[in-house]
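Novice: I'd like to ask some things about the structure below.
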Amino acid sequence: MSKGKFLAEFELYMMLALSRLGDSAYGVSIRQEIEQRTGRPVSIGAVYETLARLGDKGFVTFRISDPVPVPGGRSRKYFRLTAKGERALQHSAAMMFRMMDGLDLLPGSEGGR
Amino acid sequence: MTTTPPRFPQWIISLLVVPDDRGFLISDLAEEFDSIVRLRGISAANRWYWLQMMRSAVPCLRRRVKAIVRRKIPTFQGLPEGKTTMQRRLSNLFETTIGDIRYGFRCLLKSPVFTVVAVLSLALGIGANTAMFSMINVLLLRQLPAKDPGRLVLFIPIAPHSDGFNMPYPVMERLRKDGKSFDSVFASAGATSFRLDATGAGNAGKGEIMRAEGVSGGMFAVLGINAIIGRTLSEDDDRQNNPNPVAVISYNLWKTKFGLDPSVLGKSITIDDEIITIVGVAPPAFTGVEVGSVSDVWYPIWMMAKTPNGAARFTRFSSWWITMLGRLKTGVSIKQGQAEIDVIYHQMLVEQAGPAFNKASADAQAEYLNRRIELQPGGAGFSRLRKKFAQPLRTQKRRSFLLRH
């Protein structure tokens, strides 16, 4: 796997959020998902920038929805992982687990073999 | 309740974000803003929006710049895999630069005292340099809003009775008649203060203080400046005992006193007991030929002959009171114009001295004939202040340059 196919930390969060949200992943839901789970402030600008970068790598694709059925409702840009993106996420997650294996890092874990 | 996000941060974000995402990102922000308003109130929502704007600025800008770079460099497009060397280098350069800027800001925030001192020093330095440049620009660089200002010339007398600008009216008439190097020349008596009575009722001495300038009828034609409404002065307006004196007013006077009313043409104003008809309005950029002196009214210089002993000033060689500008003919250089003036002025000096010239000692003759009129570029108008400050300003400009480098 070339260097461009590895995921940076925030990219990994983004891919995990997309994987978790499925078909309802758009700017607001992705931002809130990462912010709530990591406790780290996330800006909408960073979300769109990272999604664009992942899109350039071929990991993410998007579709434009019909306008939301509320007064003044606008279209949303929904994102999802591509097959290539899912493989990259699995690869990164596997590497992460391999690196963590045997370390007492997660709260409540037994740790060590 | 319908609430709208604060406009300024929304405007900043919409400037920074790439056009493809602009609508979606702004819409996402508005959606979250609405939900925060419902849950925590408008103040909290506004704070949240501002914070989002500040945190989003760098990523949005980074992406925008990347998109521009990608669009401008064709080698970025249509590549099957990976990055080109140039793309990689530019990308690295960009990332490094942004990283450096962020690091710089963090360092500044960690040392607030140093930051305040540095910012104040910079502000003072920039302010002082800006003020200096503004002064240099006004006094030395800015050109008159004239047609082809490069061909305008100033006539600078080198003579004991002149203040460095003023000269006798007959010299102007002679140069206008005999000067072959010039399309035309004109005189200005400089702006003087008067009380403007805009009612046309002849109430001399009443009204606001304004500045009026007596000028040759051909001034506007020589400068190539047209009136924005009506007409400018003509040679025909500028004659002795003209029964229908006319004037051109400045755009500023038209705006402040007449409310930009086009029917100002034909109205009368009073200057020194003289009722004058307005025939035109000068363009906004033109405020006179003397730098630092703003005129509100231009009237024919021959009107000044009506003042006590006024007429004598137009014929006496010993009255030094007008400043003079002219336009060189196309293809004629200042050097050629100077050579012609030297000859004409020398003749005038000899003619004026009359028989007394031959009786004078050789030293007195040489000193008398040493008087001359010097031609100088006149595109920037004339300025007594410039003469006074030109050298100190140039020195200061050089000093600032040396200090900066």
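The values are calculated or read from the model by the stated rules, or taken from the named source; none is laboratory data. Values in this document were obtained by computation on a predicted structure and should not be read as measured data. Cβ placement follows ideal geometry from the backbone for every residue including glycine, while neighbour counts extend to all protein chains displayed.
Novice: Could you figure out which of (1) closer than 30 Å to B:Arg372 by Cβ; (2) in contact (Cβ under 8 Å) with a residue 40 or more places away in the chain isn't true of B:Ala339?
Specialist: Every condition holds for B:Ala339 apart from (2).
Novice: State yes or no: is B:Ala159 among the hydrophobic types (A, V, I, L, M, F, W, C) and either modelled with pLDDT of 85 or more or on the phi > 0 side of the Ramachandran plot (or both)?
Specialist: Judged against the criteria, B:Ala159 is not a match.
Novice: What number of residues within segment B:350-376 satisfy the criterion of being crowded, with 18+ Cβ neighbours inside 10 Å and out of contact with any strand residue (DSSP E or B) (no Cβ under 7 Å at 6 or more places or on another chain)?
Specialist: Matching residues across segment B:350-376 total 0.
Novice: Which of the helices (runs of 4 or more DSSP H) found entirely inside segment A:1-107 contain at least 3 residues meeting this: within 24 Å of B:Gln10 (Cβ to Cβ) and among the β-branched types (Val, Ile, Thr)?
Specialist: Once the helices (runs of 4 or more DSSP H) in segment A:1-107 are filtered for at least 3 residues that are within 24 Å of B:Gln10 (Cβ to Cβ) and among the β-branched types (Val, Ile, Thr), what remains is A:27-38, A:44-57.
Novice: Right, here's the next one. Find all pairs meeting these conditions: Cβ atoms under 6 angstrom apart; at least six residues apart or on different chains; first residue within segment B:298-325 and assigned to a helix (DSSP H, G or I); second residue modelled with pLDDT under 85.
Specialist: Listed pairs, sorted by first residue: B:Met304/B:Gly310.
Novice: Sticking with this one: Does A:Leu7 satisfy the condition of being at pLDDT below 95 and surrounded by 22 or more Cβ atoms within 10 Å (Cβ to Cβ)?
Specialist: Yes.
Novice: Report, by residue number, each residue of segment B:1-52 that is more than 25 Å from B:Ala67 (Cα to Cα) and not in a helix (DSSP H, G or I).
Specialist: If the condition is that a residue be more than 25 Å from B:Ala67 (Cα to Cα) and not in a helix (DSSP H, G or I), then B:Met1, B:Thr2, B:Thr3, B:Thr4, B:Pro5, B:Pro6, B:Gly41 are the ones that fit.
Novice: Could you count how many residues in segment A:73-106 are modelled with pLDDT of 90 or more, more than 19 Å from A:Ala8 (Cα to Cα) and of a type in the set (D, E, K, R)?
Specialist: So the count comes out to 2.
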